[in-house]
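Down below is the structure, laid out as structure tokens.
The values are calculated or read from the model by the stated rules, or taken from the named source; none is laboratory data. This structure is a prediction, so every number in the text was calculated from the model and none was measured. FYI the Cβ positions are ideal-geometry reconstructions off the backbone, even for glycines, and counts take in every protein chain you see.
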Amino acid sequence: MELDITRLAHDAGITLPEEYKDDLANDLTSLLEHMKHLLKVDLEGYEPTFSMVESQQLRLFDDVVEQTLSSEVLFETAPSVDERYFKVPRESQGS
Amino acid sequence: MKLWEMTAKEILAHVLARDVSSDQVLDSFLDRISEAEPQLNAFIDVLEPSARLCASRVDKKLEKGENPGLLAGLPVAIKDNICVKGAPCTCASKMLENWIAPYDATCVSKLVEQGAIIIGKTNLDEFAMGSSTETSAFGITKNPWDTERVPGGSSGGSAAAVSSGMAPIALGTDTGGSIRQPASFTGVCGLKPTYGLVSRYGVTAFASSLDAVGPIGETVWDCALVLDAISGFDDMDPTSSARPGRSYRANLDKEVKGLKVGIAQEFLEGVEPDVLECFESKVACLEDLGIEVQVLTLPSLSYAIDIYYIIASAEASSNLARFDGVRFGRRAEAETLDELYGLSRGTGFGEEVIRRIMIGTYALSAGNKEKYYVRAAKARTMLIEDFKKSFGKVDLIISPATPYVAFKVGEKIEDSLAMYTGDLITVPVNLAGLCALSMPIGFSHAHGKMLPCGLQIIGKPYDEHTVLRLGYALEQAMGDEIRSKRVTMRQSLKPVREVELVD
């Protein structure tokens, strides 16, 4: 199976360090090969399990305002802020 | 006996009897940390100033005759993917190396309310992804039984801290065995509670349908004590269970005679002979206790590793998307926003975390989602139904906790597949939302060293009582062998002497 590691890294939002590329490509290929085992099993009639939360226990919160962490506290842990905004570079090099 | 050599139950008795103060308990453990930590690297941070404040608060309560709480004066080590307000929460990653938690995780605030002293933050595999604590950005944690070997992972720091006497109890997290496997490798007890029994608010998410927080302690009683303190519904975590709480210590010594226990043959395939022999000797011990042992088959277990690594990686790729250098964490120098995301993630995450994110991204990508992710989710249902059928016949299922004893540092780190397949015995419990205890049952001598072997006791959802009851009964039946060997091991962890300079 062909695996485009650069494309996959782009999709994952990761600029891949050069030194990882070959190892990762080999590892992912062998892991996906191992997973072929699962592709052969007959799963007819089984619904997928995406969550382990007991559906009956989910409940709506009361519609009341509660004190949570202040935005000031959260901004303190950010790498770069401008008053009440997270500061980031321009989206593009354009004006 | 020094305070740091005692179990949590023994320390608690001394504190409540006012034989010793919380401050003295803390001193004893801090001394032990200065002695053993240089050889083990179990802690990322030791929180001495805040621990001293907490200890004096507990002592004041005791002086005034107020209720000091279930865990009065007990030092607790916290895995460093769980938030402790004002302390770094690194997840053993460069991505978060300077991030200070602005709030306490609910499990931490519950411990503190019950008089526990948070003594430090322990090392782990980066973002809890690994089985050896070798992927930490803060160095490898060593196994106290043999410092050339790993302590297991990902909660390797917590397990090594308890095993070596640097903390009487610790918290870990378990997504695919990360409490049970290191507990087994280091000869202590570790409990993976039922999904939802313990709040995960303030715990860094890895795989949200699998993650659980649980205790690591020297004894089954010590684990039950911590579970009493941390379990229960939390408004801040909608996935936590609203079931009414019960004391997990109350019925520990209740009769186990007549319990039905199953052994799934699939769990025994590929287990090292010494580990298997140790397991079989304890099966005989259970039969002596009047327990009916049956052989079971769970055919879908052969798919568990594939199901786990698809689902856990898919959920991780989504959960870790938040680490992009904008709101918190490491930020790389970049000219554009896209570069900032990619470089911050590429330089902040280590190779194993990147590997898992890439697997997850692949499994969720257009054209692959049905083939991998949805298929794994269907196979997960098949596995859950297999367990349901088995629990129709038996009360509990037992297995070795791991297929082998602690391996050498570097032995498996270059072979991801070998590392992943070692998790076969533990991952099914998380996939099926069950609870399980890992407890020490003996030793292997196959590798020229005495290394602990563990037993896994698996229970139905919310049946921690029966799991702990069987563990407690077996622990009582085994006597003092494990403890006396642990005492000897701890004595061998002498401080590294400074080189004396000769004129």
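If you go through the stretch B:205-248 one residue at a time, how many are away from chain A (no Cβ under 14 Å), within 23 Å of B:Thr186 (Cα to Cα) and not acidic (Asp, Glu)? Qualifying residue count for the region: 13. Scanning the stretch B:82-117 for residues that are over 25 Å from B:Pro238 (Cα atoms), charged (D, E, K, R) and modelled with pLDDT of 95 or more yields one hit, B:Lys94.
For B:Leu40, the stated conditions hold: it is touching a residue at least 12 places away in the same chain (Cβ under 8 Å), closer than 20 Å to B:Ile179 by Cα and crowded, with 21+ Cβ neighbours inside 10 Å.
Test A:Tyr46 against the criterion of being hydroxyl-bearing (Ser, Thr, Tyr) and surrounded by 14 or more Cβ atoms within 10 Å (Cβ to Cβ), and give yes or no. The answer is yes for A:Tyr46. In this structure, does B:Leu417 turn out to be touching a helix residue (DSSP H, G or I) at 6+ places or on another chain (Cβ under 7 Å) and more than 9 Å from chain A (Cβ to nearest Cβ)? No: the conditions fail for B:Leu417. Restricting attention to the stretch A:48-92 and to residues that are β-branched (Val, Ile, Thr) and outside any loop (DSSP other than H, G, I, E, B), the residue that is nearest to the other protein chains (Cβ to nearest Cβ) turns out to be A:Val73. One residue stands out among those in the stretch A:1-23 that are of a type in the set (Ser, Thr, Tyr) and assigned to a helix (DSSP H, G or I): the one that is nearest to the other protein chains (Cβ to nearest Cβ), which is A:Tyr20. Among the residues of the stretch B:179-210, those that are among the small types (Gly, Ala, Ser) and touching a strand residue (DSSP E or B) at 6+ places or on another chain (Cβ under 6 Å) comprise B:Ala183, B:Ser184, B:Gly187, B:Gly190, B:Ser199. Contact map, the stretch A:53-64: first residue at pLDDT below 80, second residue assigned to a loop (DSSP other than H, G, I, E, B) and of a type in the set (A, V, I, L, M), Cβ cut-off under 6 Å, separation 6 or more or different chains; pairs are A:Gln57/B:Ala242.
If B:Asp228 satisfies every condition in (1) surrounded by fewer than 23 Cβ atoms within 10 Å (Cβ to Cβ); (2) of a type in the set (Asp, Glu); (3) in contact with an Asp or Glu (Cβ under 8 Å, 6 or more places away or on another chain) but one, which is the exception? The number of the failed condition is (3). Selection of the stretch B:278-294 for residues being surrounded by 15 or more Cβ atoms within 10 Å (Cβ to Cβ) and over 13 Å from B:Leu470 (Cβ atoms) yields B:Cys278, B:Phe279. Give the stretch B:350-370 a look and list any residue that's within 7 Å of chain A (Cβ to nearest Cβ) and either of a type outside the set (Gly, Ala, Ser) or under 25 Å from B:Asp125 (Cβ atoms) (or both), or say none. Listed by number, the residues that qualify are B:Glu351, B:Ile354, B:Arg355, B:Ile357, B:Met358, B:Ile359, B:Thr361, B:Tyr362. Residues in the stretch B:71-92 that are surrounded by 20 or more Cβ atoms within 10 Å (Cβ to Cβ) and either assigned to a helix (DSSP H, G or I) or over 18 Å from the mean Cα position of the chain (by Cα) (or both): B:Leu71, B:Ala72, B:Gly73, B:Leu74, B:Ala87. Only one of the listed residues (B:Arg322, B:Arg327) is facing another protein chain (nearest Cβ under 7 Å), over 25 Å from B:Met419 (Cα atoms) and surrounded by fewer than 19 Cβ atoms within 10 Å (Cβ to Cβ). That residue is B:Arg327.
Set side by side, the residues B:Gly152, B:Gly120 differ, and just one is over 30 Å from B:Ala250 (Cβ atoms), part of a loop (DSSP other than H, G, I, E, B) and modelled with pLDDT of 95 or more, which is B:Gly152.
Look at the stretch B:258-271: where a residue is in contact (Cβ under 8 Å) with a residue 24 or more places away in the chain and crowded, with 20+ Cβ neighbours inside 10 Å and a partner is outside any helix (DSSP H, G or I) and among the charged types (D, E, K, R), sitting 6+ places away or on another chain with Cβ atoms under 8 Å, you get B:Val261/B:Glu292; B:Val261/B:Asp395; B:Gly262/B:Lys393. Scanning the stretch B:1-12 for residues that are outside any loop (DSSP other than H, G, I, E, B) and more than 16 Å from B:Val226 (Cβ to Cβ) turns up B:Leu3, B:Trp4, B:Glu5. Annotation for the stretch A:29-40: no member residue is at the interface with another protein chain (Cβ under 7 Å from one of its Cβ atoms) and of a type in the set (Asp, Glu).
Touching a residue at least 60 places away in the same chain (Cβ under 8 Å), surrounded by 17 or more Cβ atoms within 10 Å (Cβ to Cβ), over 15 Å from B:Cys189 (Cβ atoms) and touching a Phe, Trp or Tyr at 6+ places or on another chain (Cβ under 6 Å) - does that describe any residue in the stretch B:449-470? Yes, the conditions are met somewhere in the stretch B:449-470.
Scanning the stretch B:93-135 for residues that are touching a residue at least 60 places away in the same chain (Cβ under 8 Å) and among the aliphatic types (A, V, I, L, M) yields B:Met95, B:Leu96, B:Ala101, B:Ala105, B:Val108, B:Leu111, B:Ala116, B:Ile117, B:Ile118, B:Ile119, B:Ala128, B:Met129. Filtered by the rule that a residue be of a type in the set (Val, Ile, Thr), away from chain A (no Cβ under 14 Å) and either part of a loop (DSSP other than H, G, I, E, B) or surrounded by fewer than 24 Cβ atoms within 10 Å (Cβ to Cβ) (or both), the stretch B:380-409 gives B:Val394, B:Thr402, B:Val405, B:Val409.
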